[in-house]
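The values are calculated or read from the model by the stated rules, or taken from the named source; none is laboratory data. Keep in mind that what you see is a predicted model, and the values were worked out from it rather than measured. Quick reminder, even Gly has a Cβ in these numbers, built from the backbone with ideal geometry, and neighbours come from all protein chains shown. All accessible areas refer to the heavy atoms of the entire protein, side chains included, with ligands and DNA or RNA removed. Shrake-Rupley method; radii C 1.70, N 1.55, O 1.52, S 1.80 Å.
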Amino acid sequence: MSEHNPGLRPWRDIARRECRQIMVGNVPVGGGAPITVQTMTNTPTSDPRATIDQIRRCEEVGVDIIRVSCPDKESTAALKQIVRAARVPIVADIHFHYKHALEAADAGAACLRINPGNIGSAARVKEVVEAAKANGCAIRIGVNAGSLERDLLEKYGEPCPEALVESALDHIKLLQDQDFHEYKVAVKASDVFLAVAAYMQLAETVDCPLHLGITEAGGLIGGTVKSAIGMGNLLWAGIGDTIRVSLSAEPEEEVRVGYEMLKSLGIRTRGVRVVSCPSCARQGFDVIRTVQALEERLAHISTPLSLSVLGCVVNGPGEARETDIGITGGGAGKHMVYLSGVTDHHVQDADMIEHIVKLVEAKAAEIEAFTTDAGAADSVAAE
């Protein structure tokens, strides 16, 4: 098997943009920290049980940070219970009502999503900043092409990269004037070209962490493609410190897509990376249904490892050499299994899925045990 090795494969390197680091609860963002994956609940925040249940499902698929809407006092009243129950930091989404920001900060939110210029006077901004400082809250400035300030639309005639960046800089200044620097910034748009250009420009202008997103991207398939094109461009260029894939789909799907995006670029690894063929008349088994079944059965695995599922021997052996576990379709319902890139044994068609699941689970346990032992040895050596 071959692993990512900068010395051997410089064409795989991504040079991350340097920026300062902030903390969102106990999660570092920016400053070289791993790129975090976020999502947002769609349950009424005023219903803590439903919201906590949804948060739990997102935690199970690996979410790092979760945002919840706080449009009213009932939502901020429920926030304290939600924060206590969550295992990941909670971002409170505030729009125009600055008092909800104060309530959310007091309720334990790790971050406030707010545009300082939208909440009124400088006195109100100061109140929010003081509440954030007192409660250890970060702030996420969220500029959106669909809600740009009227004066900027009049100045530029339409949403454009310069307008989004100017809006972000105006909001940043309001925080810096209050000596507040624990912020990250997003300049989102549903237009991929606009969003990418705005983030590129902003990345050269500020030193804070950037939150990436293609807003209102669409449904699961269309939105995934659109987000991958836009955010993939930025991530490949080293831009972005935390991401949210905005889909008209359940929040846990956003998390899965976010991780797949990072896995494709070798930025973060979580769970099983499946290499599979599109299938053709040469296939020795039903590749499409097999991959679907394996992805479902292996969704609980968080340990990073690779699995190749190829229908025939044309590319199968070559792909299997590059993965932890591989299977290649053969004739008469008898298929070849590869372990650590080497041919190992055969499996019959009827037993294949169950067999592969057991192999992957065993490999994950082996990797985890090795990681634990290595960590313990390092700890002893350090003492």
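Before moving on, here are some points about what is shown:
- Tally of residues being surrounded by fewer than 22 Cβ atoms within 10 Å (Cβ to Cβ) and closer than 21 Å to Glu158 by Cα across the range 203-221: 2
- Members of the range 277-292 that are modelled with pLDDT of 95 or more and within 30 Å of Gly213 (Cα to Cα): Val291, Gln292
- Residues satisfying the stated conditions in the range 323-341, i.e. within 15 Å of Leu307 (Cβ to Cβ) and either open to solvent by 20 Å² or more (accessible area, probe 1.4 Å) or not β-branched (Val, Ile, Thr) (or both): Asp324, Gly326, Gly329, His335, Met336, Tyr338, Leu339, Ser340, Gly341
- Cβ-Cβ contacts under 9 Å between residues 6 or more apart (or on different chains), taken from a first residue in the range 53-79 that is open to solvent by 50 Å² or more (accessible area, probe 1.4 Å) to a second residue that is assigned to a helix (DSSP H, G or I) and charged (D, E, K, R), are listed as Arg57/Glu252; Glu60/Glu252; Lys73/Lys99; Lys73/Glu103; Ala77/Glu103.
- Filtering Lys126, Lys188 for residues that are touching a Leu at 6+ places or on another chain (Cβ under 9 Å) and of a type in the set (D, E, K, R) leaves a single hit, Lys188.
- Across the range 80-109, the qualifying residues are those that are outside any loop (DSSP other than H, G, I, E, B) and either closer than 17 Å to Ala168 by Cα or in contact with a Ser or Thr (Cβ under 8 Å, 6 or more places away or on another chain) (or both), and the one among them that is most open to solvent (accessible area, probe 1.4 Å) is Glu103.
- Residues in the range 260-284 that are surrounded by 21 or more Cβ atoms within 10 Å (Cβ to Cβ) and not in a strand (DSSP E or B): Met261, Leu262, Gly271, Cys277, Gly284.
- Positions within the range 293-305 being more than 22 Å from Cys58 (Cβ to Cβ) and either in a helix (DSSP H, G or I) or more than 19 Å from the chain's Cα centre (by Cα) (or both), in sequence order: Ala293, Leu294
- Within the range 9-52, the residues that satisfy the criterion of being aliphatic (A, V, I, L, M) and not in a helix (DSSP H, G or I) are Ile14, Ala15, Ile22, Met23, Val24, Val27, Val29, Ala33, Ile35, Val37, Met40.
- Given (1) open to solvent by 30 Å² or more (accessible area, probe 1.4 Å); (2) of a type in the set (A, V, I, L, M, F, W, C); (3) in contact (Cβ under 8 Å) with a residue 40 or more places away in the chain, index of the condition Leu294 fails: (1)
- Residues in the range 306-343 that are part of a helix (DSSP H, G or I), touching a residue at least 40 places away in the same chain (Cβ under 8 Å) and within 31 Å of the chain's Cα centre (by Cα): Glu319 alone.
- Looking across the range 241-251 at every residue that is within 24 Å of Val206 (Cα to Cα) and touching a strand residue (DSSP E or B) at 6+ places or on another chain (Cβ under 7 Å), the one that is most open to solvent (accessible area, probe 1.4 Å) is identified as Arg244.
- Meets criteria (among the acidic types (Asp, Glu), assigned to a helix (DSSP H, G or I), open to solvent by less than 20 Å² (accessible area, probe 1.4 Å) and within 23 Å of Pro34 (Cβ to Cβ)) for Glu254: yes
- Within the range 227-240, considering residues that are farther than 18 Å from Asp13 by Cβ and in contact with a Ser or Thr (Cβ under 9 Å, 6 or more places away or on another chain), the one least open to solvent (accessible area, probe 1.4 Å): Ser227
Residue-wise test of (1) modelled with pLDDT of 95 or more; (2) open to solvent by 60 Å² or more (accessible area, probe 1.4 Å).
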site: Cys111; (1), (2): yes, no
site: Gly117; (1), (2): no, no
site: Arg124; (1), (2): no, yes
site: Ala134; (1), (2): yes, yes
site: Arg140; (1), (2): yes, no
site: Ala145; (1), (2): no, no
site: Asp151; (1), (2): no, yes
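- Residue pairs meeting the criteria (Cβ under 6 Å; at least 6 apart or on separate chains; first at pLDDT 95 or above, in the range 172-185; second among the small types (Gly, Ala, Ser) and surrounded by fewer than 21 Cβ atoms within 10 Å (Cβ to Cβ)): none
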